[in-house]
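Enquirer: Let me begin by handing over the structure; questions about it come next.
The values are calculated or read from the model by the stated rules, or taken from the named source; none is laboratory data. Owing to the predicted nature of the structure, the values given are computational and were not obtained by experimental measurement. So basically every Cβ, Gly included, is an ideal-geometry build from the backbone, and we count neighbours across all protein chains shown. Heavy atoms of the whole protein, side chains included, go into the accessibility calculation; ligands, DNA and RNA do not. Shrake-Rupley method; radii C 1.70, N 1.55, O 1.52, S 1.80 Å.
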Amino acid sequence: MRFTRESRGPLVIARPIGLLIFLALCTSGCAGTPPGPATESVEDKGRAALGTRTGKGPLKSAPPTGYALRRDKGATLTDGWVVLYNFGDSPVTITRVRSEFEGQGLRQVGALAAGYGRKLAAEQTLDGFPPRKSSLGPLTSAEGYVLPAEEGRPRKKGHELLIGIQVTQATGRTARSQVEITYSYKGHTYKDQWVNTIAVCSPAVGPSCPQEDGP
């Protein structure tokens, strides 16, 4: 396998496929109402398939997804829709997690990682940050988190990123367009982006919040 280091070229993404996958898993939160957490239950039997994952290096994630909701100014939430897999033959160490926003009404307040000790593969939205749910298992800072080598065949459950976001807008709409992750692998630094969008409209009471298509 050959990987390109520090590549910033455009992502080749299939948004319609990602959106169809997302809609199949989506709950009422997609309609812009305060959601109960959407979850994807995985028994973690077998190994993840490379063909359905995206990423330019050994670190992969799911196809593009997205959702929209409404929150008041000052609210914090945890997004858990980014699940990562190490398809390389050496460990991957995450060194930076950065959300890219379209607008001025949101800010990232932290990023944690949940490993194989969690109950579910992914939980879309949790109130507050850091999240306080025993089902997540032990949580670790995402920056410095190590995804072990698994002979290029990672377990289906993967490793869940839990990204904290605070609403700073009293009114209006701001969206996260993608998540950028910097990581090290075999002594080299890689940077990649995943389209996992969140549109947040304020205040909490109002019409449905339009979703974000990504960059």
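Enquirer: Taking the range 48-66 on its own, how many of its residues are of a type in the set (A, V, I, L, M, F, W, C) and part of a loop (DSSP other than H, G, I, E, B)?
Expert: Of the residues in the range 48-66, 3 are of a type in the set (A, V, I, L, M, F, W, C) and part of a loop (DSSP other than H, G, I, E, B).
Enquirer: Checking Val167 against (1) at negative phi; (2) open to solvent by 10 Å² or more (accessible area, probe 1.4 Å), which single condition isn't satisfied?
Expert: (2)
Enquirer: Another question, if that's okay. Out of Gly172, Gly152, Gly117, report the one residue that is among the small types (Gly, Ala, Ser), modelled with pLDDT of 95 or more and more than 17 Å from Thr65 (Cα to Cα).
Expert: Only one candidate qualifies: Gly172.
Enquirer: Whether any residue in the range 176-184 is more than 19 Å from the chain's Cα centre (by Cα), closer than 15 Å to Leu59 by Cα and part of a strand (DSSP E or B) is what I want to check.
Expert: No.
Enquirer: Which of the residues that make up the range 110-133 are open to solvent by 60 Å² or more (accessible area, probe 1.4 Å) and part of a strand (DSSP E or B)?
Expert: Asp127
Enquirer: Another question, if that's okay. Name every residue in the range 134-155 that is surrounded by fewer than 16 Cβ atoms within 10 Å (Cβ to Cβ) and closer than 16 Å to Trp81 by Cα, in order of residue number.
Expert: Correct list: Ser135 only.
Enquirer: Of the residues that sit in the range 72-86 and are open to solvent by 10 Å² or more (accessible area, probe 1.4 Å) and under 30 Å from Lys186 (Cβ atoms), which one is modelled with the lowest pLDDT?
Expert: Trp81
Enquirer: Counting only residues that are over 16 Å from the mean Cα position of the chain (by Cα) and closer than 16 Å to Gly164 by Cβ, how many does the range 77-105 have?
Expert: Matching residues across the range 77-105 total 1.
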